[in-house]
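Read through the structure below, which is laid out as structure tokens, and then see the notes.
The values are calculated or read from the model by the stated rules, or taken from the named source; none is laboratory data. Here the structure is a predicted model, which is why all the values come from computation and not from measurement. Virtual Cβ from ideal backbone geometry, glycine too; neighbours counted across all protein chains shown. Areas reflect the complete protein model, heavy atoms only, side chains present, ligands, DNA and RNA absent. Shrake-Rupley method; radii C 1.70, N 1.55, O 1.52, S 1.80 Å.
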Amino acid sequence: MREISIPPYAPMLMESTRALGYSLEAAIADILDNSITAKATNISIKFIPFGEPYLSILDNGKGMNSVEITDAMRYGSGNPLETRDLDDLGRFGLGLKTASLSQSRKLTVISLKNGKLSGRSWDLDHVIKSGKWSLLVLDKKDMLKFPQIELLQLQSSGTLVILQNLDRVGNGESDFEAAFSEKMDRVREHLSLVFHRYISGESGLKSIKMNINNEPLAPHDPFLINKSTQIMDDEKISIGDHLILVKPYILPHISKMTDAEIKMLGGKDGLTKQQGFYVYRNKRLLIWGSWFRLIRKDELSKLARVRVDIPNTLDHLWAIDIRKSTATPPEIVRKNLSRIVGQITEGSKRTWTFRGKKETDDSIVHLWTRLKTREGILYDINRDHPLVEMLKEKLDLKDHKFLHQLLKMIEMNIPLNSLYIDLTNDEKFKNNELYELTDDIKELAELLLENCKNPEERQRFFDKIESTPPFSQFPGKIVKYLKEVNHA
Ligand SMILES: Nc1ncnc2c1ncn2[C@@H]1O[C@H](COP(=O)(O)OP(=O)(O)O)[C@@H](O)[C@H]1O
Ligand SMILES: [Mg+2]
């Protein structure tokens with residue numbers, strides 16, 4: 001037996017890996033992973049749609065010398081089975097090449113280390129012509145012609161990645177510049193989310209400044225940590241020596257979020273689509289907005305989001321793909337997540353259905369009651385609500401049927417379809433926007449109190465008022481008000 005070495009035919013392999021299915025934003029994120037692994041603290045992205053359009057990424061990481069940069073340009077640099085440094089965001093030794101060339105026909109990398117510049121280019125058209133793995137080695141004169149090079153030279157070390165001949169960006173669009181800038185907005189959103197823990201510099205991470213065309217990227221925290229509630233303790237799932245950390249959050253009720261927050265958290269697709277696990281590999285967001293088919297994406301669990309932190313040492317179990325765009329939890333993790341998820345979505349339902357803790361308390365007299373009947377769900381107006389009772393007393397017995405008809409009409413005519421659409425679109429409702437004690441509510445309280453015929457009834461009124469909507473939303477305030485106006 002003998003062996004022969006058959007390296008792949010370069011033009012064919014390079015062309016095929018262009019079709020891995022990278023989006024522009026995922027491609028850029030993959031290039032940034034390298035900068036972060038190289039300990040960069042500043043990353044500048046330039047996206048220039050006119051003249052000879054290009055996209056460049058400049059970092060101030062540790063840079064590469066001429067040997068390292070040649071290896072970096074190799075398809076399959078390093079070895080995916082080798083243990084990586086714990087803070088390494090790379091995986092297959094492909095990202096730099098496959099991500100860049102998925103969007104462009106020419107990738108140039110120029111790096112500065114120990115005062116020396118080294119530069120290499122993959123030019124697809126050149127490779128096609130030569131039919132070989134012909135990597136272009138740039139001399140200094142060539143390098144100085146590239147855009148942004150003067151900024152690299154001002155640093156003590158770093159790497160500049162330049163994509164030219166952007167044949168996949170704005171492909172098929174009539175207005176290239178407009179398509180370009182729209183895509184850039186998407187890139188901005190994506191990077192702000194994917195790297196938010198690095199940008200904000202959470203404890204244990206050195207903060208990294210990022211900008212696109214000189215505009216800084218703000219961290220986009222999908223958990224709105226300052227306003228959300230964590231309904232369960234952190235969970236740790238251990239697999240061998242490795243730990244997976246699970247932190248469940250419930251976002252605040254829609255009415256407690258600003259429009260900007262709803263937009264940031266829901267994005268284009270809305271909050272319902274964005275619920276689910278947020279899996280971070282080494283603090284870099286990998287995949288999000290999925291329950292891994294453990295439960296359905298339900299309107300009621302739309303406020304639930306679960307942070308899952310995995311180390312890069314468990315890559316083999318999570319089946320991470322080349323683009324770092326999909327990953328599937330291993331069986332042992334699924335089992336644990338499934339248990340946790342049940343408890344969490346229950347919590348999200350509560351936040352969603354009721355406003356604030358008090359209303360979940362069963363001593364409260366609700367105006368609407370929800371009944372599950374054999375024929376379906378029935379929402380009806382509670383005839384025992386103090387206001388309804390009072391009205392009944394005021395009316396003649398023969399007029400009771402009008403009141404009954406009115407209530408029945410309201411019940412039968414809930415605009416369910418438009419409600420459903422509005423809820424799904426995360427619209428805010430003015431209906432239960434009761435943030436302050438309005439004159440209407442004060443007047444209502446006075447009316448009810450005046451209606452009490454004897455001291456016992458007044459006592460009962462005071463016993464009950466704090467737990468009756470709408471007054472229950474202002475604990476302490478109603479009684480105080482009534483005392484002030486000397487009704488009490
Ligand atoms: N910006 C950078 N700074 C320093 N080294 C880099 C940079 N980009 C790439 N490299 C080097 O090139 C190698 C190959 O990168 P890549 O193709 O993305 O594969 P991976 O990240 O999976 O190793 C990296 O492991 C790293 O050593
Ligand atoms: Mg990489």
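Name the single residue, out of those in the range 228-265 being charged (D, E, K, R) and part of a helix (DSSP H, G or I), that is most open to solvent (accessible area, probe 1.4 Å).
Just the residues of the range 228-265 that are charged (D, E, K, R), to begin with: 233-236, 241, 247, 256, 259, 261, 263.
Filter once more, so that each one left must be part of a helix (DSSP H, G or I): 256, 259, 261, 263.
On the way: Lys256: 105, Asp259: 109, Glu261: 39, Lys263: 146 Å².
Filtering the range 228-265 for residues that are charged (D, E, K, R) and part of a helix (DSSP H, G or I), the one most open to solvent (accessible area, probe 1.4 Å) comes out as Lys263.
Only residues in the range 54-67 that are under 25 Å from Glu25 (Cα atoms) count as the first member; pair them with residues that are within 6 Å of ligand 1 (Cβ to nearest atom) and part of a strand (DSSP E or B), Cβ under 8 angstrom, at least 6 apart or cross-chain, and list the lot.
The qualifying pairs are Leu58/Thr159; Asp59/Thr159; Gly61/Thr159; Gly63/Thr159; Met64/Thr159.
So Lys428 ticks every box in (1) in a loop (DSSP other than H, G, I, E, B); (2) open to solvent by 90 Å² or more (accessible area, probe 1.4 Å) but one. Which box is left unticked?
(2)
Only strands (runs of 3 or more DSSP E) wholly contained in the range 65-173 count here; list those with 1 or more residues that are of a type in the set (Asp, Glu). Can you show your working first?
Numbers: elements: 106-113, 116-123, 136-138, 158-164.
Because the criterion is at least 1 residues that are of a type in the set (Asp, Glu), the strands (runs of 3 or more DSSP E) in the range 65-173 that meet it are 116-123.
Within the range 116-129, work out how many residues are free of Cβ contacts under 8 Å to residues at least 12 places away in the same chain and exposed (fewer than 14 other Cβ atoms within 10 Å of the Cβ). Quick ask: steps written out before the conclusion?
Here is the first cut: in the range 116-129, the residues free of Cβ contacts under 8 Å to residues at least 12 places away in the same chain are 126, 129.
The next check asks that each one be exposed (fewer than 14 other Cβ atoms within 10 Å of the Cβ); those that pass are 129.
Residues in the range 116-129 being free of Cβ contacts under 8 Å to residues at least 12 places away in the same chain and exposed (fewer than 14 other Cβ atoms within 10 Å of the Cβ): 1 in total.
Looking at the structure I just gave you, is Ile287 assigned by TED's automatic domain parsing to the domain that holds Glu346 and farther than 17 Å from Ile344 by Cα? Talk me through it step by step, then tell me what you get.
Values: assigned by TED's automatic domain parsing to the domain that holds Glu346: yes; farther than 17 Å from Ile344 by Cα: yes.
Here the answer is yes, as Ile287 does meet what is asked.
Identify all residues within the range 375-431 that are of a type in the set (Lys, Arg) and under 19 Å from Ala445 (Cα atoms); write none if there are none.
Of the range 375-431, the ones of a type in the set (Lys, Arg) are 383, 392, 394, 398, 401, 408, 428, 430.
Those that are of a type in the set (Lys, Arg) and under 19 Å from Ala445 (Cα atoms): Arg383, Lys392, Lys394.
Here is a list of conditions, (1) surrounded by fewer than 16 Cβ atoms within 10 Å (Cβ to Cβ); (2) within 12 Å of ligand 1 (Cβ to nearest atom), and Ser66 meets all of them except one; can you say which number that is?
(2)
Which condition breaks for Ser23 when tested against (1) away from ligand 2 (no atom under 12 Å from the Cβ); (2) closer than 22 Å to Arg168 by Cβ; (3) buried (at least 18 other Cβ atoms within 10 Å of the Cβ); (4) within 31 Å of the chain's Cα centre (by Cα)?
(3)
Suppose the filter is in a helix (DSSP H, G or I) and touching a Gly at 6+ places or on another chain (Cβ under 8 Å); does Ile28 pass it? Can you show your working first?
On the way: in a helix (DSSP H, G or I): yes; touching a Gly at 6+ places or on another chain (Cβ under 8 Å): no.
No, not satisfied.
Would it be correct to say that Asn312 is modelled with pLDDT of 90 or more and either open to solvent by less than 40 Å² (accessible area, probe 1.4 Å) or in contact with a Phe, Trp or Tyr (Cβ under 7 Å, 6 or more places away or on another chain) (or both)?
So Asn312 does not fit the description; no.
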